[in-house]
Amino acid sequence: MSQFPARAVVDLAAIRGNVSALAAHAPTAQVMAVVKADAYGHGLVPSAHAALAGGASWLGAAQVTEALELRRAGVAAPRILTWLYAPGAPLRDAIEADIDLTVSAAWALQEVAAAARAVGQTARVQLKVDTGLSRNGLTPADLDLLLPAAQALEAEGVIDVVGLWSHLAIADEPTHPTVTLQAKVFAEALAVVEGAGVRLEVRHLANSAATLTSPGTHYDLVRPGIAVYGLSPVPQLGGPEQFGLVPAMTVEAELANVKHVQAGSGVSYAHLYVTERDTVLGLVPLGYADGVPRHASGTQDRPGGPVRVGGRTVGVAGRVCMDQVVLDLGPGATEEAGDTVELFGTGADGGPTAQDWALAAGTISYEIVTRLGARVPRVYVDSEEGA
């Protein structure tokens, strides 16, 4: 058992339940659970198994190496899609592992074709069209140019074009005009591809936010990411409970030190925080090396990231350090070294959430969970076991 004095407790039942809830929001579509970035910090393989048990029929992994790790771990999802790679990626391995490969540029089509010929196996290809994010993907003009080459390779038996997809830029603002505009561009691209005689298995556009708020984008498949882990992609519209989601991760630690200090004591680097009265300080052995955002440091005028201690919530006092943060527990505190504190969790008991930390750091909840450091052990539980 790890002796590291903190842990991220991941509830696999929450992931299963979240996937089920997301499926209910998109009843006409299949669900692809996106497990990129180590399943948003929750652990790639355990989270993938939980998502499949919750009803996902696809898994999405940004990097080819992530998709291969799933297969090597025995994750037998009916389908896995990957989409982000550079020239020289292990495409042969991916084809042999029966992983769908996204083509977002002409060079990628040629590398996929070469890899398929090398292994003597037809590659399953999904075309990604850039409908307005201006990130990865074929522009509509590029799609027009690439489509004949893709069809020639398909006729040769080298590839099988099975999907067309895109990604929304501002889906977290459901009424933003770009949502409608991108959906229109996607529909036009779809008409071009299908009009050329390509028979697609899946068409997909919706991320977490669109899965929950834009049913017109659902098509055959929705691709929730952050919502799989119980965090709201549209916090301005309400917390995860509004959508039937439960945060899957709780980060907790043991206090490493507790001590009395006098009024006027400077706390942590640069003394951004100075005690206004005699008080008790508690030391939490987690810092920015573990993913605690330095931007969530606390000052005299602004409390830092929230931490649950003994049924109350206090903010980080002073600057977040590499390995530790300090809490002002108050003059009457009775906590001792070894007592457990919670940085964030479900929020069900009024405690802090990843969204609360996001607000404290001026970022989004996605970053709070995905930046959690590798030295923080993940502990897997199942809240439904024995229920």
For this session: Restricting things to alpha carbons, find the Rg to Rh ratio for segment 144-231 using the Kirkwood radius for Rh.
Result: 1.05
For this session: List the trypsin sites (Lys or Arg not before Pro) within segment 119-183 that fall in a DSSP loop (any state other than H, G, I, E or B) and whose Cβ has at most 13 other Cβ atoms within 10 Å.
Result: Arg135
For this session: Could you work out how far helix 140-156 tilts from the main Cα principal axis of the chain, as a 0 to 90 degree angle to the nearest 10?
Result: 60 degrees
Problem set entry | segment 124-141 versus segment 16-71: alpha-carbon centroid distance in Å | 22 Å
Problem set entry | Inverse mean reciprocal Cα-Cα distance (Kirkwood Rh) of the chain, Å | 22.5 Å
Exercise. Which whole number of Å³ per residue matches the convex hull of the alpha-carbon atoms in segment 12-234?
Worked result: 104 Å³
Seminar exercise, completed: The FRET efficiency for Ala73 and Ala187, from their Cβ-Cβ distance with R0 = 45 Å and rounded to 0.05, is 0.75
Problem set entry | From phi via Karplus (6.51, -1.76, 1.60), per-residue ³J(HN,Hα) for segment 291-304 in Hz, x at Gly/Pro | x, 6, x, 5, 5, 9, 5, x, 10, 4, 9, 9, x, x
For this session: Rounded to the nearest 10 degrees, what's the angle between the helix 106-119 long axis and the longest principal axis of the chain, both from Cα atoms, 0 to 90?
Result: 80 degrees
For this session: Calculate how steeply helix 44-53 sits against the longest principal axis of the alpha-carbon atoms of the chain, using the helix alpha-carbon long axis, and give the answer as 0 to 90 degrees to the nearest 10.
Result: 70 degrees
Seminar exercise, completed: Under 5 Å from the placed amide H of Gly287, counting only residues 5+ away or on other chains, we find Val292, Gln324
Exercise. In deg cm²/dmol and to the nearest 500, what is the mean residue ellipticity at 222 nm of the chain if only DSSP H runs of at least 4 residues count, each as -39500 (n - 2.57), divided by the residue total?
Worked result: -9000 deg cm²/dmol
Seminar exercise, completed: For Ile159, other-chain or 5+-apart residues with amide H closer than 5 Å (H placed, Pro excluded) are Ala123, Glu154
Problem set entry | Kirkwood Rh in Å, taken over all unlike Cα pairs in segment 63-175 | 14.5 Å
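No lab work stands behind these numbers, since they all come straight from the coordinates. The structure presented is a predicted model; accordingly, all values stated were derived computationally and were not measured. We place every Cβ from the backbone using ideal geometry, glycine too, and count neighbours over all the protein chains shown.
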